[in-house]
Amino acid sequence: MEFMQQAIVKNFYLEVKVRYLKQNGSSKRQWFATNVCVGTDNCKQKYDEVLINFTHIDADNPEFFLQPGQVIKVLEGKVKQSKCVTVSEVWLDVDSFRQTDEEEKSKINFA
């Protein structure tokens with residue numbers, strides 16, 4: 001897949017979600033997030049949905065680190081938008097993140 005733009009992003013929160021896609025008779029897990037706001041505190045860019053690739057953990061077993069619905073803070077990553085005209089996908093390559101605790105999670109406004 002070709003990408004038309006890429007931007008480095010840092011220090012923002014998202015809630016990870018998962019769905020299962022049928023591929024060649026089996027199910028493949030796809031991590032994603034909705035209503036993702038990156039940039040500064042004023043939200044320079046908002047995406048309705050981003051597909052997530054965790055670059056630093058085992059792609060076959062990220063649930064060892066994550067559970068659907070968990071809120072994480074992305075410390076560093078890259079946002080890439082596909083060149084495909086018919087279906088534009090936004091990908092987030094997460095290079096590093098940390099998990100949030102309940103107190104921190106309660107202070108986050110995803111609106």
- Query: Which of the following residues is modelled with pLDDT of 90 or more, farther than 15 Å from Gly77 by Cβ and surrounded by 11 or more Cβ atoms within 10 Å (Cβ to Cβ): Arg29, Arg19?
  - Reply: Arg19
- Would you mind finding the one in Cys37, Cys43 that is modelled with pLDDT of 85 or more, of a type outside the set (Phe, Trp, Tyr) and in contact with a Cys (Cβ under 6 Å, 6 or more places away or on another chain)? Cys37
- What number of residues in the stretch 10-34 are assigned to a strand (DSSP E or B), in contact (Cβ under 8 Å) with a residue 60 or more places away in the chain and of a type outside the set (Phe, Trp, Tyr)? 2
- Given (1) outside any strand (DSSP E or B); (2) at pLDDT below 80; (3) farther than 21 Å from Asn109 by Cβ; (4) not charged (D, E, K, R), Gln5 misses just (1)
- Which residue pairs have Cβ atoms under 9 Å apart, sit 6 or more places apart or on different chains, and have a first residue in the stretch 57-77 that is under 8 Å from Val16 (Cβ atoms) and surrounded by 15 or more Cβ atoms within 10 Å (Cβ to Cβ) and a second that is among the small types (Gly, Ala, Ser) and at pLDDT below 95? none
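The values are calculated or read from the model by the stated rules, or taken from the named source; none is laboratory data. None of the values given here were measured: they were computed from a predicted structure. Neighbour counts are summed over all protein chains in view; Cβ atoms, including those assigned to glycine, are modelled from backbone coordinates with ideal geometry.
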